[in-house]
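To start, the structure under review is shown below, and the notes come after it.
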Amino acid sequence: MQVITTHLNADFDCLASMMAAKKLYPEAHLVLPGSAEGLVEEFLKEQSPPLEFTRIKDIPLDQVRLLVVVDTHAPERIGVFAPLMDNPSVEVHIYDHHPEPDIKVSQAVIKKRGASTTILHEILLAKKVSLTPEECTLMVLGIYQDTHSLITVSTTPEDLIAAGDLIKRGADLSRVASFMRQRLNSQQLDIFNELVSSLESHTVNGVDVTLVTASSDHFVRDLAYVVQNIVEMENPAAVFALIRLDTRVYLIGRSSIPEVNVAELAQVFGGGGHESAASAAIKELTLVQVKEKLLVNLERTVQPLS
């Protein structure tokens, strides 16, 4: 059995990369390891023709012989599929744009790109694989979301080339725009207002870093979109949002400058991402403890302005 999966709380880059990987592995089952972002779920309801997913409970893990993982290579981020990464009887193929650690898998395509979708686009283009306008639209969504519409510091020339080719092939930019512009619901708006009111500016090694915090006793979905609204309103060089939901603290980092690698900070807390966008979910520490630990590690990781 073959399986294509991605990281928990799948975003559009995950979804587009999985769809593209299915073109390379037509016999594989598309399986989400957990929930997806709210907008991704909305997109899937509207997708025509629909992407066909297999439920986790319908996958006998002991029968999986090929595991294809996109947009991550961290076992802890793929849920129930994590043990398969170390199973000698399972062939593992990775397609990812995050920094490469020491990983030992059957095949790994890891490149410095703003989105994993771009890597899969390059492969499909080289193999002359055809794409429908609907598939092109999804792939543009994947690239745009991870590069914030091609403006983050992690954006590469290859991302621009991929987006241009997909638009040329029929991607619907009006549909892309409708999913890139999200209105905050009442719970998200409460978090947003609290983040704005808590805004602090810290100068670390000559670099201005913005820190915002919020708390809620209830779960709130899609915090990354809330933080993106902070970025668009305040335009900080780098921002870290610390949001407590019940007993867990979520760290979300965004950076537009090379001196602040938010992935390096997220890794301190067991999270991941890339240099301009990263996150972590922290169970063992309070909001105050996370903030203190973050400030200590900022001093260590932030590079002086050149």
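The values are calculated or read from the model by the stated rules, or taken from the named source; none is laboratory data. Quick caveat: nothing in here was measured; it's all calculated off a predicted structure. All Cβ positions, even for glycine, are placed from backbone atoms using ideal geometry, and neighbour counts span all protein chains on display. For the accessible areas, the whole protein counts, side chains as well, though only heavy atoms, and no ligand, DNA or RNA atoms are used. Shrake-Rupley method; radii C 1.70, N 1.55, O 1.52, S 1.80 Å.
Answer yes if at least one residue in the stretch 291-306 is open to solvent by 60 Å² or more (accessible area, probe 1.4 Å), part of a strand (DSSP E or B) and farther than 30 Å from Val70 by Cβ, and no otherwise. No, the conditions are met nowhere in the stretch 291-306.
Where strands (runs of 3 or more DSSP E) sit wholly within the stretch 30-142, those with at least 1 residues that are in contact with a Ser or Thr (Cβ under 6 Å, 6 or more places away or on another chain) and open to solvent by less than 40 Å² (accessible area, probe 1.4 Å) occupy 66-70, 91-96.
Can you tell me which residue is nearest to Leu15 (Cα to Cα) among those in the stretch 51-66 that are in contact (Cβ under 8 Å) with a residue 12 or more places away in the chain and over 24 Å from the mean Cα position of the chain (by Cα)? Among residues in the stretch 51-66 that are in contact (Cβ under 8 Å) with a residue 12 or more places away in the chain and over 24 Å from the mean Cα position of the chain (by Cα), the one nearest to Leu15 (Cα to Cα) is Ile59. The single condition among (1) within 22 Å of the chain's Cα centre (by Cα); (2) more than 26 Å from Leu150 (Cβ to Cβ); (3) not aliphatic (A, V, I, L, M) that His97 does not meet is (2). If you go through the stretch 8-29 and keep only what is in contact with a strand residue (DSSP E or B) (Cβ under 7 Å, 6 or more places away or on another chain), surrounded by fewer than 22 Cβ atoms within 10 Å (Cβ to Cβ) and outside any loop (DSSP other than H, G, I, E, B), you end up with Lys22, His29. Based on what the data block shows, is Val220 touching a Leu at 6+ places or on another chain (Cβ under 7 Å), of a type outside the set (D, E, K, R) and at pLDDT 95 or above? Spelling it out, it is not the case that Val220 is touching a Leu at 6+ places or on another chain (Cβ under 7 Å), of a type outside the set (D, E, K, R) and at pLDDT 95 or above. Evaluate the stretch 199-217: report whether one residue or more is without any contact (Cβ under 8 Å) to a residue 40 or more places away in the chain, assigned to a helix (DSSP H, G or I) and surrounded by 15 or more Cβ atoms within 10 Å (Cβ to Cβ). There is no residue in the stretch 199-217 that is without any contact (Cβ under 8 Å) to a residue 40 or more places away in the chain, assigned to a helix (DSSP H, G or I) and surrounded by 15 or more Cβ atoms within 10 Å (Cβ to Cβ).
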